[in-house]
Amino acid sequence: MGNGKKILVLGGSFGGLTAAMEIKRRLGNKAEVTIISKDDHFVFLPSLPWLVTGHRTGERLSLPLSRILPPRRIEFIRASVKGVDPAAQQVQTDQGAHGYDYLVIATGPHLACEEIRGLGPEQGFTHCVFSLENARQAKAAWEKLLADPGPVVLGSTQFASCFGPYYELAFELDYQLRRRKLRHKVPMVYLSSEPYPGHMGIDGVGRSRRFIEDEFAERDIKTVVNQSVAGIEANTIHLADGSTLPFKLAMLAPPFKGVGGVAELGNPRGFIPVDQHYRHPQHPNIYTVGVAASLAPREPTPVPTGVPKTGYMTVKMAQTAAAHLAAEIDNRPSPAGLAIDELTVICMLDMGNTATLMLADPILPPRQRTILHKKRWVRWAKAGLERYFLWKMRHGRSNLP
Ligand SMILES: Cc1cc2nc3c(=O)[nH]c(=O)nc-3n(C[C@H](O)[C@H](O)[C@H](O)COP(=O)(O)OP(=O)(O)OC[C@H]3O[C@@H](n4cnc5c(N)ncnc54)[C@H](O)[C@@H]3O)c2cc1C
């Protein structure tokens, strides 16, 4: 290693990889960039619902960090972060301590299954799709359901801040069941902490409320919204209002929190505050991008929901942070920032045999612009984006239009 500034990036996904590659691209030998991540692969998470239904394999969706990073002259350390000491400029991991001049945190969410009894694939009765392992377990459960059909519940618990994939799963599973002539044997419920269908943690996108209500009504998918989950036991979800939902297969997004080890730098739920350059207000050499960053809803919902931080937003945050960090090291004037609540959300919602393009600019209302456009080509575009993004990461490209 040379004499460049020491830049540690925590997390090897959309945020961490983009930030590391963009910093290296901008600074070359002036930066020694190291990624520390507990997982040794980048996984294209947006396609995990397709893994559940058997349309993708884990191999196709993942890239080994130890292979893609060295050619970019980015060091990779596989380790789990245990703490950050901003005064000593040091990160503690289960593999030892590492000093830094600048730190970029991109550790995503901690899925707080422990907050709801019986939740989650590890110690509970429900599935989710946040990792390859989760999705593979959900796939096995889906195949079991096909052999022995029964009620399905999909959706999100209180404090979840990722709704899109569970809408996608509702549409996709409905479509697959119909193809197999099994749909009449499977009552389907979309259960959510959102105050209304189509809210998505961002107070809807244009006419998304009516859109989702109509699309679900046409497909016979019942909605149970504005609900928190009190507890789950085998085949039964207990809601806070005392009602219950039976299930043979349930896939629910758990509550989100910040990841332990970095959460201490954040708010009570562990999400880290950022300025318009994604710097910590008290520690200007610490940047946070992606799901780990804090973004409060404009209006709190009756049952708590979180604002999603999508892949596209995460890439934009990482690029903005990298541009600022590089300018600072180069002693150049700071480039324009892009505050987290000014970001645009672009989402391609898979619906089985079609898809819907959703755009909200900015993410929270009131907005300059919204688009909601259901067209078959959106599904092809979604598959194209997967291929493009994996190609980009394989070849060390950090740009995104
Ligand atoms: C099923 C699914 C579908 C989605 N669909 C879309 C979509 O269609 N469009 C869209 O824009 N977005 C979508 N998203 C959201 C998108 O995937 C996220 O916005 C993005 O993954 C956030 O990136 P991140 O880098 O902040 O965090 P993550 O992707 O969560 O990555 C976190 C990284 O930190 C590492 N890490 C975690 N804890 C530690 C620790 N203690 N020590 C060291 N390393 C740690 C992990 O190994 C990982 O590398 C989807 C997400 C999911 C789960």
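FYI, it's all coordinate maths here, none of it is from the lab. It should be emphasised that the depicted structure is a prediction, and the values quoted were computed from it without experimental measurement. Neighbour counts are summed over all protein chains in view; Cβ atoms, including those assigned to glycine, are modelled from backbone coordinates with ideal geometry.
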Problem - DSSP H segments from the chain that extend 15 Å or more along their own axis, Cα-based, with Kyte-Doolittle mean of -1.0 or above - result: 14-27, 132-147, 164-179, 311-329, 376-394
Exercise for the section: For the range 113-256, give the magnitude of the charge dipole about the Cα centre (Cβ charges: +1 Lys/Arg, -1 Asp/Glu; no others), in debye to the nearest 20. Expected result: 600
Completion exercise
Treating only Lys and Arg (+1) and Asp and Glu (-1) as charged, each at its beta carbon, one finds that the chain has a dipole about its Cα centre, in Debye to the nearest 20, of 1460
Practice task
Would you calculate, for the chain, the mean residue ellipticity at 222 nm contributed by helices, counting each DSSP H stretch of 4 or more residues as -39,500 (n - 2.57) and dividing by all residues, to the nearest 500?
Solution key: -8500 deg cm²/dmol
Exercise for the section: Please list, in chain and number order, the residues 5+ apart from GLY108 or on another chain whose amide H is under 5 Å from its amide H, with Hs placed from the backbone. Expected result: VAL291, ALA292
Fill in the blank from the handout: By Cβ neighbour count within 10 Å, fewest first, CYS347, CYS128 rank CYS347, CYS128
Problem - Separation in nanometres of the label points that stand 7 Å from Cα toward Cβ, at ILE77 and ILE371 - result: 4.3
Exercise for the section: Just need the relative contact order of the chain here, percent rounded to a whole number, with Cα pairs under 8 Å and 6+ apart. Expected result: 19
Problem - Exposure proxy order (Cβ contacts within 10 Å, fewest to most) of VAL129, VAL224, VAL291, VAL81 - result: VAL224, VAL81, VAL129, VAL291
Exercise for the section: Note down the relative contact order for the range 48-116 as a percent, whole number, built from C-alpha pairs under 8 angstrom at least six residues apart. Expected result: 14
Handout entry: Listed residue pairs exceeding 26 Å between alpha carbons, taken from LYS257/LYS316; LYS309/LYS392; LYS181/LYS248; LYS181/LYS222; LYS82/LYS248
Key = LYS82/LYS248
Fill in the blank from the handout: Distance in Å, no decimals, from the C-alpha centre of the range 325-401 to the one of the range 218-278 is 24
